[in-house]
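Accompanying notes for the structure given below.
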Amino acid sequence: MALTASTMLALGTKAPDFQLPDAVSGEMISLATFSYKKALLVMFICQHCPFVKHIQAELAQLGKDYQAQSVGIVAISANDIVNYPNDAPEKLKEMAVELGFTFPFCYDESQETAKAYTAACTPDFFLFDANRQLVYRGQLDESRPSNGIAVTGKDLRSALDTTLADRPITQDQKPSIGCNIKWKPGNQPI
């Protein structure tokens, strides 16, 4: 596990398109899946990372809390499953079912989607507005596995609420911290 921070992709960046299978339903998910939503949250997570395990219940709750609002949510795992078999699609499905995820949990086998989003760690969060321009990238909240701070999701929830209210989000955003994306040998971003 290499402690890694978000790359902090430039605000205003357009959401890269993707087409990935949902590990639960098998359905193909893309940007168009969420075209009728006012906001889109793209989360890079995985099954085995202790940073994700620390917040996974909050991620499930976040999905439930925003399900009735105009927010599209998709989780993506891009880890190399040869070296990290706990992140294989069947394990992602188990995780999603066990936690009651109300959003698709996709597997990025080629790792091209993770590269397009400049995902660096798990968890890594990217929030886009109705025009699919990046308005937030950063941490869920200040909680980490060993710092004793309760998991609340306050930073990400604030960004979601602000976006839904058509208000600008502060540009003072703190990077997410977690395990590095487990790139396939020779596939690391340059």
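Normalised by 2.2 N^0.38 Å, where N is the number of residues, the alpha-carbon radius of gyration of region 1-106 equals 1.07.
How much net charge surrounds Phe18 when only the other residues with a Cβ under 15 Å from the Cβ of Phe18 are counted, with Lys and Arg +1 and Asp and Glu -1? So the environment of Phe18 carries a net charge of -4.
Beta bridges assigned by DSSP with both partners in the chain are antiparallel in approximately 70 percent of cases.
Over the chain, DSSP H runs of length four or greater, each weighted -39,500 (n - 2.57), average out per residue to a 222 nm ellipticity of -7000 deg cm²/dmol. At q = 0.10 Å⁻¹ the log10 of I(q)/I(0) for the chain amounts to -0.34, computed by Debye summation with a single uniform scatterer per C-alpha, solvent ignored. Phi angles across region 26-35 convert, under the Karplus curve 6.51 cos²θ - 1.76 cosθ + 1.60 with θ = phi - 60°, into 3J(HN,Hα) values of x, 5, 7, 10, 8, 4, 4, 4, 10, 4 Hz, Gly and Pro given as x.
So if we plug the beta-carbon distance of Lys184 and Asp161 into 1/(1 + (r/R0)^6) with R0 = 30 Å, what FRET efficiency do we get, rounded to 0.05? It comes out at approximately 0.20. Between Asp172 and Ala116, the distance separating the two model label sites (each 7 Å from Cα on the Cα→Cβ line) works out to 3.4 nm.
By the Cβ-Cβ criterion of under 4.7 Å, the unpaired cysteines of the chain are Cys46, Cys106, Cys121. Scanning residues 5 or more positions from Ala120 or on other chains, those with amide H under 5 Å from its amide H are Thr7, with H placed 1.01 Å from N in the peptide plane. For region 1-84, the set of chymotrypsin sites (Phe, Trp or Tyr not before Pro) satisfying both a DSSP loop assignment and a count of at most 11 other C-beta atoms within 10 Å is given as Tyr36. Each Lys or Arg adds one and each Asp or Glu takes one away; over the other residues whose Cβ falls under 13 Å from the Cβ of Leu62, this sums to -2.
Taken as Cα centroids, region 161-190 and region 60-104 sit 17 Å apart, rounded to the nearest whole angstrom.
Work out the FRET efficiency for Thr7 and Ser30 from their Cβ-Cβ distance, taking R0 = 25 Å, and round it to the nearest 0.05. It comes out at approximately 0.65.
Every read-out reported here was derived from the displayed coordinates using simple, explicitly stated rules and does not represent laboratory data. Model, not experiment: these values are computed from the prediction. Counting neighbours? That spans all protein chains shown, and the Cβs are built from the backbone with ideal geometry, glycine included.
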